[in-house]
Amino acid sequence: MDFGIKGRKAIVCAASKGLGKGCATALAREGVDVTICARGADALNATAKELGAFGDVTTEDGRKALLAACPRPDILINNAGGPPPGDFKDFSLDDWRKAVEWNMISPIALIHATVYGMMERGFGRIVNITSASIKNPIASLELSNGARLGLTGAVTVLARKVAKSNVTINAV
């Protein structure tokens, strides 16, 4: 099937396995120049042999390296493994900070760094892989529920604003 994206450039986060790897593989099959990243070095290196890869985008240095490798993406797939489940009473403030950094701040930083170039070029696709929990929070996943709902809420108005420039932002 031809989606008309051959020759486009994409960044796919958390692409060493699961949904991220599936997205990266599908985009590569469509002729998209794919740049991938993930936190887990072993799985990332294995996938890199197939597609090419970068490191951890939950750090500012990792995001800078990724954007240096693909400075003008047409497609951005934000994806991250979820924070661990548990009981609200057991979560520390550091647990909350990590969840928000990994599942809200990092995707927002990548969106901020890429969306305006997409608008100028008149094409962009941003997909935030989140969770069904943004519509119906899941018990014991409070860290994930909060961070992913925060991301979705933060970019909803932006999505409406950028649509007139042929840039879409969606949550899956």
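Going by accessible area, probe 1.4 Å, with all protein chains left in place, what is the ranking of ASP56, ASP2, largest first?
Final ranking, largest accessible area leading: ASP2, ASP56.
Could you work out the relative contact order of the range 92-158, using alpha carbon pairs under 8 angstrom and six or more residues apart, expressed as a whole percent?
Relative contact order comes out at 48 percent.
In vacuum, with every alpha carbon of the range 45-139 counted as one equal point scatterer, what does the Debye formula give for log10 I(q)/I(0) at q = 0.10, 0.15, 0.19, 0.21 Å⁻¹? Two decimals, please. For the requested q values the scattering log ratios are -0.34, -0.72, -1.03, -1.15.
Using helices alone, I'd like the mean residue ellipticity at 222 nm for the chain: each DSSP H run of four-plus residues gives -39500 (n - 2.57), total over residue count, nearest 500. Could the numbers behind the result be given before it?
On the way: 6 runs with 78 residues, N = 172.
Mean residue ellipticity, 222 nm, calculated: -14500 deg cm²/dmol.
The residues packed around ALA113, meaning those with a beta-carbon under 15 Å from its beta-carbon, carry a net charge of +1 if Lys and Arg are +1 and Asp and Glu are -1. Structure remark: mean-square fluctuation, Gaussian network model of the chain, C-alpha springs under 10 Å; the largest value among ILE129, ILE105, ILE138 belongs to ILE138.
Whole-Å semi-axes of the chain's equivalent ellipsoid, largest first, each the root of 5 times a Cα gyration tensor eigenvalue? Please list the in-between numbers first.
Values: eigenvalues 133, 74, 40 Å².
Square roots of five times the eigenvalues give 26, 19, 14 Å.
Remark: the PHE3-MET119 segment gains 39.8 nm on full extension, using 0.36 nm per residue and subtracting the alpha carbon distance.
Given an 8 Å cut-off on Cα distances and at least 6 residues of separation, report the relative contact order of the chain as a percent.
Details: 293 pairs, mean separation 34.7, N = 172.
In percent, rounded to a whole number, it is 20.
Backbone geometry of the range 71-77 corresponds, through the Karplus equation with coefficients 6.51, -1.76 and 1.60 at θ = phi - 60°, to 3J(HN,Hα) couplings of x, 10, x, 8, 9, 10, 10 Hz, x marking Gly and Pro.
Over all directions, how big on average is the projection of the convex hull of the alpha-carbon atoms in the range 90-132, in square nanometres?
Working: hull surface 15.5 nm².
That works out to 3.9 nm².
Remark on THR35: its backbone amide H falls under 5 Å from those of ALA10, ILE11, VAL12, a criterion applied only to residues 5 or more positions apart or on other chains, H modelled at 1.01 Å from N.
Largest GNM mean-square fluctuation across ARG125, ARG160, ARG63, computed for the chain with C-alpha springs under 10 Å, falls on ARG160. Heavy-atom accessible area for VAL157, with the other protein chains in place and a 1.4 Å probe, reaches approximately 90 Å².
Backbone geometry of the range 90-99 corresponds, through the Karplus equation with coefficients 6.51, -1.76 and 1.60 at θ = phi - 60°, to 3J(HN,Hα) couplings of 8, 7, 8, 4, 5, 4, 5, 4, 4, 4 Hz, x marking Gly and Pro.
Less than 5 angstrom separates the built amide H of ALA171 from those of ASN128, all sequence-distant by 5 or more or on a different chain.
The figure for ASP33 is an accessible area of roughly 80 square angstrom, using a 1.4 Å probe on the protein chains alone. Let me know the number of lysine pairs in the range 1-116 closer than 17 Å at the Cα, not counting same-chain pairs under 8 apart. So the count of such lysine pairs works out to 5. Dipole size of the chain about its Cα centre, with +1 on Lys/Arg Cβ and -1 on Asp/Glu Cβ: approximately 600 debye, rounded to the nearest 20.
Converting phi to 3J(HN,Hα) with the Karplus coefficients 6.51, -1.76 and 1.60 and the offset θ = phi - 60°, the range 139-152 yields 4, 6, 10, 4, 4, 5, 3, x, 5, 6, 5, x, 4, 4 Hz in sequence order, with x at every glycine or proline.
A crude spin-label estimate for the pair ARG29 and LYS89, with each label 7 Å from Cα along the Cβ direction, gives 4.8 nm. Taking every protein chain into account, the accessible area of the range 75-152 amounts to 48 square angstrom per residue (probe 1.4 Å).
The values are calculated or read from the model by the stated rules, or taken from the named source; none is laboratory data. Being a predicted model, the structure only gives us computed values, none of them experimental. Cβ atoms come from the backbone with ideal geometry, glycine included; neighbour counts cover every protein chain shown. What goes into the accessible areas is simple: the full protein's heavy atoms, side chains included, and nothing from ligands, DNA or RNA. Shrake-Rupley method; radii C 1.70, N 1.55, O 1.52, S 1.80 Å.
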